[in-house]
Structure formats: structure tokens, C-alpha cells
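Engineer: What follows is a structure written as C-alpha cells; I'll ask about it next.
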Amino acid sequence: MGNHARRHQHSPRADRCAAGHLSPLVMGQPRMSRLAGGDHGRVGFQLMRLRRLGRTELSVSECTLGTSALKGLDMTEASRRLALAFDHGINAVEMDAGDGVAASFLAEVFRREGVRQSVHVFARVSSLVPFDLPSPHILVQQAYPGRHIQAETEALLDALGVERLALQQLHAWCPEWLREGDWAETFERLREEGKIAGHGVSLFDHDVDAGLEAVASGRIDAVQVMYNIFDPAAATTLLPLCRKHDVGVIARSPLYYGALASVADKLRRLAPEDWRSGYFFDEHRRETVERVQSLAREIAPQGRSVSDLALRFSLSHPAVSTVAVGMRTRAQVEANMQALRRGGLRDEELRQLAGHAWLC
């Protein structure tokens, strides 16, 4: 698809790109509940900071829980992970709009935990055309016709038992779609009807430039983009542009699909049914493991973990509204919350990490 044909390529390029800067926070008086009002969620004396989601004016927790990581867990265990996340002050979840199982599961947890009116849901419309790379070009009206966007949004609202979604997004965004179809009009109608607070686009991995025109157009409220130590390319052009146009940013894959989570050697033992076994093909897997191990050796004298550094890196740019993270275990929730509560990295730390960029 023209100069966007690289979207399917997961192999790294060896050039470097700029890192972001320390982010100011939306600060305010702490509160004693897990609800989304105010500027912090508080459990005991531990705070989860909130940030503004662009022009939507929503206050969202610095961490958004990605529900796809809960797939395959026992429902009881998955419920406990969600409840623990809410107890830590997380007030946003991210999901596929067409995932009926996830919607039913979330609806039950929302009801039981009493957070139906306080947790923000970021949804992604499911495409009517299955694709990994939209090339040759697929018209947006084939993938995301307005009638489908409307129907799936309303079905999700009914399934969740909520009146409004925080965001509805078009996934695998193609810049050509900006001038195609009736998606924008449909989103505006849903907003006017009070069914969504805003709408946005989700970009292919390593395809930052695809979102530039959409952000500058004023037609979207948020963008979801990969942003991590290995691929900080968004900090060069996209994130500053989002700040300029007051577009919220969901930073995706801060742990690069688990590679930066803990022990990179786990990538060598991915189960065949794990979708990452295809994403991390042999050559890419070997280089990723080597680079994670190199980073771990560099920070070992400081007594720091790779995952702690990676999460805080993704929070460090002032344009980032929230970081979407998948968490399957209690230990992961606790460790990630501890890291995020420490806030973004210092400028000196960001400069030191710039040499680890290789996927942009």
C-alpha cells in the first residue's frame, strides 16, 4: 500500500530514534475510593495518578488494563486480576468491541465490583474484512462501514450494561481512510447520542507516520500507538503533534509483547498456540532476547528491573495519556503498579536509553 507497505514487517532496523521527555501529571486531592472522579485513585496510602485524555477531558489512570492478556485464564482468576487492578486505582480497560465473551465477563465484574459507572472502556471496532496488512488497499467502507460501527457500538453498550464508551477506535488504521467512507460521521452521531465520549485510531506496529494526517486533521480525539524502549519513534513527530492538537495518546506494548516484562528467555519457549510465536520469528526472537539481555546487564548495577524501566519509559512523554498493559498474575499487577507509581524517568535516564532503540 504505497509507502505503508512496511506495516507487516516485524524485523528490526538498526537506526536510532529520539526518546521522549518527563511528563507533567494531572494532580489533585487524593480520594478514598477506586472511582474515576477526582485526580487520583487511592488504596490505603498508594496513589494511582490520572491524566487527561486529550480533548475528551476524561481523567484516565496512567495504566489501562488490556483485557486480551486475560484470555485463557480461569474466569475466577481473571476476575481477581480485574478487581485487584481496580483496587489499585486503574479506571480504564481496553478491549475488542466484537469480543462477546470479554464483554459478558467485564459486565459481570463491573456489576460485582460496583464500577460500572466509573471505569472507562476503550474499544476497537472489529473489521468486517480480516487482514493483517491492508495491502492491496482495502476501502474503509469494506472494513468499517458506518452501519457496522453503529451496530457493534450499541451491542457492546448493551452487553456491558453501560451508557457510554470512553473511546471507540478503528484498528489497523490506513491514512487513505481519512477521505473515505462514513466512519467519521457515524462516530460524531454516536457522540451526539451520548454513546461514546470520543473516537480515535489504532496504528499498526512501527507505522507511526500513518497517524500524522489524522491527528492534524482534527477529526480524531485519540490515537493508540506502539511506544517503548525498543520503538520510541512516536516521540519524534506523532506525540508532539498530538500535544499540539490536544489528541489523547494510548501507549501500546510498553513491554513489547512481554519481551521487556521479565526474563527474555521466555520468548524461546512460546507455545505454538501463542500468537507471539509467529510475531517473534526465529531471527527476530534471537535478536530481541539479546537486546533485552544487554539492557538487563547495563542496569543490573543499579538494582533495577527491565520491566520497571520499560513501563516508566512509556509514561515519560508528556503527550502520553495512559499506558495499556496486559497483566495475568497478581505478581504482575503488583509489580507494574509499583513501577508506575514511581512516575516517568528523568531526562538523563531517557538519554541513556536512546541507544537501545532499534525497531524504528
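The values are calculated or read from the model by the stated rules, or taken from the named source; none is laboratory data. Note that the coordinates shown come from a computational prediction; the quantities given were computed from them, not determined experimentally. Here Cβ is always computed from backbone atoms with ideal geometry, including for glycine, and neighbour counts include all displayed protein chains.
Engineer: Could you say which residue among 310, 271 is modelled with pLDDT of 90 or more and out of contact with any Cys (no Cβ under 8 Å at 6 or more places or on another chain)?
Structural biologist: The unique qualifying residue is 310.
Engineer: Which one of these is farther than 17 Å from residue 182 by Cβ and in contact (Cβ under 8 Å) with a residue 60 or more places away in the chain: 119, 109, 101?
Structural biologist: Going through 119, 109, 101 in turn, just one is farther than 17 Å from residue 182 by Cβ and in contact (Cβ under 8 Å) with a residue 60 or more places away in the chain: 119.
Engineer: Please verify whether residue 251 is modelled with pLDDT under 85, crowded, with 20+ Cβ neighbours inside 10 Å and under 18 Å from the mean Cα position of the chain (by Cα), treating the condition exactly as stated.
Structural biologist: When the stated conditions are applied, residue 251 does not pass them.
Engineer: Considering each of 165, 139, 160 in turn, give the residue that is in contact with a Phe, Trp or Tyr (Cβ under 9 Å, 6 or more places away or on another chain), aliphatic (A, V, I, L, M) and surrounded by fewer than 19 Cβ atoms within 10 Å (Cβ to Cβ).
Structural biologist: 139
Engineer: Now for a separate question. Within the range 184-191, can one find any residue that is surrounded by 17 or more Cβ atoms within 10 Å (Cβ to Cβ) and over 22 Å from the mean Cα position of the chain (by Cα)?
Structural biologist: Yes, some residue in the range 184-191 is surrounded by 17 or more Cβ atoms within 10 Å (Cβ to Cβ) and over 22 Å from the mean Cα position of the chain (by Cα).
Engineer: Which ones in the range 44-103 are assigned to a loop (DSSP other than H, G, I, E, B) and surrounded by 21 or more Cβ atoms within 10 Å (Cβ to Cβ)?
Structural biologist: 53, 58, 62, 88, 89, 90, 91, 97
Engineer: Residues in the range 211-224: is at least one closer than 30 Å to residue 331 by Cα, surrounded by 24 or more Cβ atoms within 10 Å (Cβ to Cβ) and under 15 Å from the mean Cα position of the chain (by Cα)?
Structural biologist: yes
Engineer: Name the helices (runs of 4 or more DSSP H) wholly within the range 258-344 that hold at least 1 residues that are among the small types (Gly, Ala, Ser) and either surrounded by 17 or more Cβ atoms within 10 Å (Cβ to Cβ) or under 16 Å from the mean Cα position of the chain (by Cα) (or both)?
Structural biologist: Result: 282-299, 306-315, 330-341.
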